[in-house]
Amino acid sequence: MGRWTRRILQLDPVADHAEIYRISAGHEFPWDHQRALEFALLRTYCVPSISALLDATGEFRDRPQRRYDDTALLMAELAAHGYDSPRGREALRVINRAHGRYAISNDDMRYVLSTFVYDPIDWIDRYGWRRLTDHERVAAFEFYRAVGRRMGIQDVPDTFEEFRRFKTDYEAATFRYSDANRRIAQYTIGLLAGWFPAPLRPAVRLGVRAMLEPPMLAAFGLDPAPRWVSGAARLGLRARAGVVRLLPPRRRSRLGVDPGNRTYPGYPTGYSPADLGAPPPPADLDPVWLRATRSPEAPPPA
């Protein structure tokens, strides 16, 4: 049992959820969390009401890298510094301001929140260098439940199992093909492929398709990758886990420090969370997407 695992098991998964999540995401599994959240974002685009809004804003068509960096850095700020820290509160204000411009249903907000809990858990159980402890699972749920309250998201279930069931049921009810799904998926897969030299990009696109589950492929209108590609991708991830298992514990957290991001060079040096986030929506955006006020039952943003 490693140093950080011992520390996690010494803590209370409810009372100390923020510290446990910070250790798990920042010290134990930073690469896995990042990859899992990339696929979690793709998963949310299988819901036509979500992808239609993203398609209407044009942000994923015109500035996909900035949208990716904003999301990754804002969520990392919450985990690295705590949602009630000065930087965490600033990050939440940016998130709430961005969401508050649009008529996003509470169920869609709940669903996106659920992917931040369960997609990393499922990814790490399949491809991580060790399985997560029950402390880490509960802590991830408690962390995002607290974030959800501060975002004004209503009716987040009270237990880990109930929230998992909500996620599964929502996917069964809403995942279906739409042209907007396909466009947003293509922009995002193109973004991921664009991080590699041009000769490797077709292979990256194929590799991403190989990692998508059948309901996601159907919602995007994509053909499955050849079975050997899927097998090779999973074998490669498990081989990586075997190597990572032999490495010494990470001494410095990777959360909230991403000098290699492509939009904010050297982040966080010289930047604060207020520098992140999307610009105001375009003037010609269909008003149906604009949210006049938050629901009166929702608590005010943090």
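Annotations for the structure displayed:
- Filter pass, ARG234 being in a helix (DSSP H, G or I), in contact with a helix residue (DSSP H, G or I) (Cβ under 6 Å, 6 or more places away or on another chain) and surrounded by fewer than 18 Cβ atoms within 10 Å (Cβ to Cβ): no
- Once segment 122-167 is narrowed to residues that are surrounded by 20 or more Cβ atoms within 10 Å (Cβ to Cβ) and β-branched (Val, Ile, Thr), the residue that is farthest from VAL243 (Cα to Cα) is ILE153.
- Residue in segment 97-115 that is under 30 Å from GLN10 (Cα atoms) and not β-branched (Val, Ile, Thr) present: yes
- Pair list, Cβ under 7 Å, 6 or more apart: segment 99-119 residue touching a residue at least 40 places away in the same chain (Cβ under 8 Å), other residue among the β-branched types (Val, Ile, Thr) and outside any helix (DSSP H, G or I): ASN106/ILE153; ASP108/VAL47; MET109/ILE153; ARG110/ILE153; ARG110/VAL156; TYR111/VAL47; LEU113/ILE153; LEU113/VAL156
- The condition of being of a type in the set (Ser, Thr, Tyr), within 30 Å of ILE95 (Cα to Cα) and in a helix (DSSP H, G or I) holds for THR188.
- Residue in segment 145-160 that is within 22 Å of GLU213 (Cα to Cα) and under 17 Å from the mean Cα position of the chain (by Cα) present: no
- Answer from ASP158, ASP179 - the residue that is in contact with an Asp or Glu (Cβ under 9 Å, 6 or more places away or on another chain) and either farther than 23 Å from THR71 by Cα or modelled with pLDDT under 95 (or both): ASP179
- Residue count, segment 8-22 (criterion: in a helix (DSSP H, G or I) and either surrounded by 14 or more Cβ atoms within 10 Å (Cβ to Cβ) or in contact with a Gly (Cβ under 7 Å, 6 or more places away or on another chain) (or both)): 8
- Unique residue being touching a helix residue (DSSP H, G or I) at 6+ places or on another chain (Cβ under 6 Å), at pLDDT below 95 and either surrounded by 22 or more Cβ atoms within 10 Å (Cβ to Cβ) or closer than 23 Å to PRO215 by Cβ (or both) when the list is LEU37, LEU54, LEU41: LEU54
- Within segment 1-41, being aliphatic (A, V, I, L, M) and out of contact with any Leu (no Cβ under 7 Å at 6 or more places or on another chain) holds for MET1, ILE8, LEU9, LEU11, VAL14, ALA15, ALA18, ILE23, ALA36, LEU37, ALA40, LEU41.
- Residue that is nearest to PRO13 (Cα to Cα) [pool: residues in segment 133-166 that are in contact (Cβ under 8 Å) with a residue 40 or more places away in the chain and part of a loop (DSSP other than H, G, I, E, B)]: THR133
A quick yes/no check of all residues on (1) surrounded by fewer than 21 Cβ atoms within 10 Å (Cβ to Cβ); (2) more than 22 Å from ASP55 (Cβ to Cβ); (3) modelled with pLDDT under 95:
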residue	(1), (2), (3)
ALA72	yes, no, yes
ALA76	no, yes, yes
ALA79	no, yes, no
ASP84	yes, yes, no
HIS99	yes, no, yes
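Yes/no per residue for (1) farther than 25 Å from ILE104 by Cβ; (2) in a helix (DSSP H, G or I); (3) of a type outside the set (Lys, Arg):
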position: MET1; (1), (2), (3): yes, no, yes
position: THR5; (1), (2), (3): yes, yes, yes
position: SER24; (1), (2), (3): yes, yes, yes
position: PHE39; (1), (2), (3): no, yes, yes
position: ALA56; (1), (2), (3): no, yes, yes
position: PHE60; (1), (2), (3): no, yes, yes
position: ARG67; (1), (2), (3): no, yes, no
position: THR71; (1), (2), (3): no, yes, yes
position: ASP84; (1), (2), (3): no, no, yes
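The values are calculated or read from the model by the stated rules, or taken from the named source; none is laboratory data. Remember, predicted model here, so these are calculated numbers, not experimental data. Because the Cβ atoms are built from the backbone with ideal geometry, glycine has one as well, and the counts that use them run over all protein chains shown.
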